[in-house]
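Student: Just dropping this structure here.
The values are calculated or read from the model by the stated rules, or taken from the named source; none is laboratory data. These figures come from a predicted structure and were not determined experimentally. Heads up, the Cβs are rebuilt from the backbone with ideal geometry, glycines too, and the neighbour counts pull from every protein chain shown. Protein only, heavy atoms only, side chains kept; ligands, DNA and RNA dropped before computing areas. Shrake-Rupley method; radii C 1.70, N 1.55, O 1.52, S 1.80 Å.
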Amino acid sequence: MIQHFDLAVIGQGYAGLCAAREARARGLSVAAFEGVMVGGAVMTVLALDPSPESFTTSGPDLGAIIGMENIDAGVVPLLEPVTALTPAPGSGWTLHCPQGVLTARQVIVATGTRPRLLGVPGVARLVGKGISHCADCDGPDLIGKDCVVVGGGDAAFQEAAILARIARSVTIVMRGAAPRARADLVGQALAFANVVLLSGRQVRAVMGDGRVSAVRLDGDGTDLACDGLFLFIGGEPETGLLPEALPRGENGGLVTGPHGALGLPGLWAIGSVRAGFAGGLAEAGEEALAAVAALCR
Ligand SMILES: Cc1cc2nc3c(=O)[nH]c(=O)nc-3n(C[C@H](O)[C@H](O)[C@H](O)COP(=O)(O)OP(=O)(O)OC[C@H]3O[C@@H](n4cnc5c(N)ncnc54)[C@H](O)[C@@H]3O)c2cc1C
């Protein structure tokens, strides 16, 4: 027999975790799908700034603790990806995953983003061979070496400060004339003597024979020798499950109405999969509460 839930949440990043927690607290039966790792993007951030929860500033702790609390509260965890979402006979939605199907009256899509890559020669060949999206994960390989960080937002400066403690040099390359990041994060990164900021510049190619060895910059075509390249240039919203008829907005994110409504009955989107998402964990949590409150009305 096919299992039926009041709510299925697709994606257990912070937005999805908060939605599942709130829905259980309101007495709904909840199935929570996660295709990669409960906690989502913050699982690679050892020092959150800011953290949305007072009990920790560690991303891995945040994901693990809320995930465990949700299970204790009765959320049904399904550690597999949803591969298709189709209207259920009558009403609600059918969620298809490798181990079978289930149905839910309401579905919250909280599938987040996958890290964006630079569309320049050399990148596809060298992902995982010196190209990374995580300073805490791959920084330890760069002790005493040179690295380049691309991006001008919070994540770029936050992660550059982590790398500065490990690497010999950190060069931040950003397209804009001025950082978009919070001033305190910019200040923290640039306070390190081994951090250099190149503004108004872009990486045009990545070189390396089996592993990153340099990046070529635009303008004078300078080659910057480096052993690691860290990309923090935003993410591509994971919207592939959703019908193409649903509008996509800036950066390909889902366009939502009030409280994350997607314009099809019982379907909602929250967090970084949405067009116009403000970018922080606190906002993801607020969107989760608003969507659950709305679907309970
Ligand atoms: C380097 C970095 C540092 C950051 N630091 C901070 C910080 O200090 N403070 C802060 O407030 N914000 C920070 N952010 C922003 C924060 O990470 C995002 O706001 C937050 O992750 C958005 O949460 P989300 O749940 O919408 O998406 P995600 O965290 O991306 O979670 C989406 C989840 O959905 C899963 N998923 C996708 N498709 C499927 C599917 N088909 N089936 C099942 N599961 C699926 C994914 O595997 C993933 O686990 C940082 C971001 C980055 C990149």
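Student: Check off (1) closer than 30 Å to A178 by Cβ; (2) touching a Leu at 6+ places or on another chain (Cβ under 7 Å) for S199 and give me the number that stays unchecked.
Tutor: Failed condition: (2).
Student: Also, I was wondering about something else. Out of the residues in the stretch 104-141 that are more than 16 Å from the ligand (Cβ to nearest atom) and open to solvent by less than 40 Å² (accessible area, probe 1.4 Å), which is nearest to M174 (Cα to Cα)?
Tutor: Restricting to residues being more than 16 Å from the ligand (Cβ to nearest atom) and open to solvent by less than 40 Å² (accessible area, probe 1.4 Å), the top hit is V120.
Student: Residues that are more than 30 Å from G122 (Cβ to Cβ): list the strands (runs of 3 or more DSSP E) wholly contained in the stretch 205-297 that include at least 1 such residues.
Tutor: On the way: elements: 214-217, 223-225, 228-231, 235-237, 267-269.
Correct list: 267-269.
Student: So, one more: Tell me, which residue of the stretch 62-96 that is more than 30 Å from L264 (Cα to Cα) and in contact with a strand residue (DSSP E or B) (Cβ under 9 Å, 6 or more places away or on another chain) is nearest to the ligand (Cβ to nearest atom)? Walk me through how you get there before you give the answer.
Tutor: To start, the set of residues in the stretch 62-96 that are more than 30 Å from L264 (Cα to Cα) comprises 62, 64-65, 68-69, 72.
Checking which are in contact with a strand residue (DSSP E or B) (Cβ under 9 Å, 6 or more places away or on another chain) leaves us with 62, 64.
On the way: L62: 10, A64: 13 Å.
Restricting to residues being more than 30 Å from L264 (Cα to Cα) and in contact with a strand residue (DSSP E or B) (Cβ under 9 Å, 6 or more places away or on another chain), the top hit is L62.
Student: Any residue at all in the stretch 169-190 that's open to solvent by less than 50 Å² (accessible area, probe 1.4 Å), charged (D, E, K, R) and either in contact with a Phe, Trp or Tyr (Cβ under 6 Å, 6 or more places away or on another chain) or not assigned by TED's automatic domain parsing to the domain that holds V76 (or both)?
Tutor: As a first pass, look at the stretch 169-190 and keep what is open to solvent by less than 50 Å² (accessible area, probe 1.4 Å): 169-174, 176, 179, 181, 185-187, 189.
Remaining after also requiring charged (D, E, K, R): none.
No, that holds for no residue.
Student: Then there is this: Kindly provide the set of residues from the stretch 216-254 that are more than 13 Å from the ligand (Cβ to nearest atom) and of a type in the set (A, V, I, L, M, F, W, C), ordered by number. Let's see the steps before the verdict.
Tutor: Step one: of the stretch 216-254, the residues more than 13 Å from the ligand (Cβ to nearest atom) are 216-229, 243-252.
Scanning the stretch 216-254 gives L217, L224, A225, C226, L229, A245, L246.
Student: Out of all the residues in the stretch 53-60, is one or more surrounded by fewer than 18 Cβ atoms within 10 Å (Cβ to Cβ) and assigned to a helix (DSSP H, G or I)?
Tutor: Yes, the stretch 53-60 contains at least one residue that is surrounded by fewer than 18 Cβ atoms within 10 Å (Cβ to Cβ) and assigned to a helix (DSSP H, G or I).
Student: From the list A104, A156, A160, exactly one residue is modelled with pLDDT of 95 or more, small (G, A, S) and out of contact with any helix residue (DSSP H, G or I) (no Cβ under 9 Å at 6 or more places or on another chain). Which is it? Explain how you work it out, then say what you get.
Tutor: Values: A156 fails: out of contact with any helix residue (DSSP H, G or I) (no Cβ under 9 Å at 6 or more places or on another chain); A160 fails: out of contact with any helix residue (DSSP H, G or I) (no Cβ under 9 Å at 6 or more places or on another chain).
Every option except A104 fails the conditions.
Student: Considering only residues that are free of Cβ contacts under 8 Å to residues at least 40 places away in the same chain and among the polar types (S, T, N, Q), which ones fall in the stretch 95-137?
Tutor: Q99
Student: Which of the following residues is out of contact with any Lys or Arg (no Cβ under 7 Å at 6 or more places or on another chain), assigned to a strand (DSSP E or B) and hydrophobic (A, V, I, L, M, F, W, C): L185, L198?
Tutor: Values: L185 fails: assigned to a strand (DSSP E or B).
On inspection, the qualifying residue turns out to be L198.
Student: For I166, only one of the following conditions fails: (1) assigned to a strand (DSSP E or B); (2) in contact (Cβ under 8 Å) with a residue 24 or more places away in the chain. What is its number?
Tutor: Failing condition for I166: (1).
Student: Please work out which residue is farthest from the chain's Cα centre (by Cα), limiting yourself to the stretch 14-46 and to residues that are part of a loop (DSSP other than H, G, I, E, B) and without any contact (Cβ under 8 Å) to a residue 60 or more places away in the chain. Outline the logic, then answer.
Tutor: First, pick out the residues of the stretch 14-46 that are part of a loop (DSSP other than H, G, I, E, B): 26-29, 34-38, 45-46.
Checking the rest, the ones that are also without any contact (Cβ under 8 Å) to a residue 60 or more places away in the chain come to 27, 29, 34-38.
Details: G27: 28, S29: 26, E34: 13, G35: 13, V36: 12, M37: 12, V38: 12 Å.
This residue is G27.
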